[in-house]
Amino acid sequence: MNLPTKFYVILVALIIAVLLFDLQVFLSIKQQKLEMAITPETYINHPKIGFGKLLTWSQPPQRVLGAETYQIESTRIPVKESYVVAAIGDSMVETMGDSLDYLRAELRLKYPATGFAFYNYGIGSENIEEALFRFDKPFDRGNRHHVSISDLHPDIIIVGSWAYNPLFPHNPGKYSAKFSEMISKVKATGAKVYVLSEIAPLSEGFGEGPGGVNWPNEIVKPHEERIIEGLQMAAILGKNMGVEIVDAFDKSKASGNFGRSDLVSSHDGIHPSILGEKFMASLIASAINLY
């Protein structure tokens, strides 16, 4: 096979891999919504009014969710009566629910008398460079129709790592520069910023499942190495820039830098399972201090 032909074969293979990954993200989100629909109400608290409306609660849920427990201090009152919370990232954020359902349930537990409005700005199959391009633009995806994050003026912004969608070609230096730029833009909004380093990838079975990409091992292993690198870099960069870190990556490790299988969806072998969503949401809620 001559060089031009070999190049085109590789290019076509990469395009097919990207298209399969986009399809996998779409199917994963549909699966998440299906699982959420059959999850007991004590775990998922569905909003009674539309997206973007102020949500208030009076009674905490019956059970403790995820990885953390909270001591409700009745004598302490948050600084404000209500808060606007936004999250931006790739599909690891998008699958948190249109209104960040898992985090909503956790914050309802931790702050039962406080009102919240939740906005999910996550887009699947997106890298950090693409996220920067859309940051100051209105958001319109599925059932989510929001002003730009900069125009929303949220009190809290959760920033994903985009580690599961590495830049192509692989370029750690460029990722570092772009992620630092993202943190600077988010900090400029005046919001309290939390960088989320998401759950660790599986050592075996990554991308496998009925909705998975089901890549061959020679593609999976380098991709996982880049994911791990991105998760670690996001936490380091965030810390160096003075924002709080929610290190789900470190807390979800089971063997080396690889994660617990129960936290990953068996549907696609990549995105968080229901337990994994609760796990991350509980870590975020634990980090958020409104006093």
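Of all residues in segment 209-232, those that are aromatic (F, W, Y) have Cβ atoms under 6 Å from Cβ atoms of residues that are at pLDDT 95 or above, 6 or more apart or on another chain, in W215/G207.
Is it true that some residue in segment 127-142 is of a type outside the set (F, W, Y) and in contact (Cβ under 8 Å) with a residue 60 or more places away in the chain? No - not one qualifying residue is present in segment 127-142.
Going through segment 149-183 one residue at a time, which ones are acidic (D, E) and more than 20 Å from F116 (Cα to Cα)?
E181
Of the helices (runs of 4 or more DSSP H) lying entirely inside segment 87-157, those containing at least 1 residues that are under 15 Å from Y194 (Cβ atoms) and among the β-branched types (V, I, T) are 91-94, 149-152. For segment 117-142, taking the residues that are more than 19 Å from L103 (Cβ to Cβ) and among the basic types (K, R), the one that is surrounded by the fewest Cβ atoms within 10 Å (Cβ to Cβ) is identified as K137. The condition (being crowded, with 18+ Cβ neighbours inside 10 Å and either at pLDDT 95 or above or under 19 Å from the mean Cα position of the chain (by Cα) (or both)) is satisfied by just one residue among S197, S148, S203: S197.
Of S180, S197, all but one fail to be in contact with an Asp or Glu (Cβ under 9 Å, 6 or more places away or on another chain), of a type in the set (S, T, Y) and closer than 28 Å to V85 by Cα; the exception is S197. In summary, T95 fulfils each of the numbered conditions (1) farther than 21 Å from N171 by Cα; (2) polar (S, T, N, Q); (3) surrounded by fewer than 22 Cβ atoms within 10 Å (Cβ to Cβ) with the single exception of condition (3).
The values are calculated or read from the model by the stated rules, or taken from the named source; none is laboratory data. In this text the structure is predicted, and so the values were computed from the model without any measurement. A quick note on method: Cβ atoms are made from the backbone with ideal geometry, for glycine too, and the neighbour counts reach across all protein chains shown.
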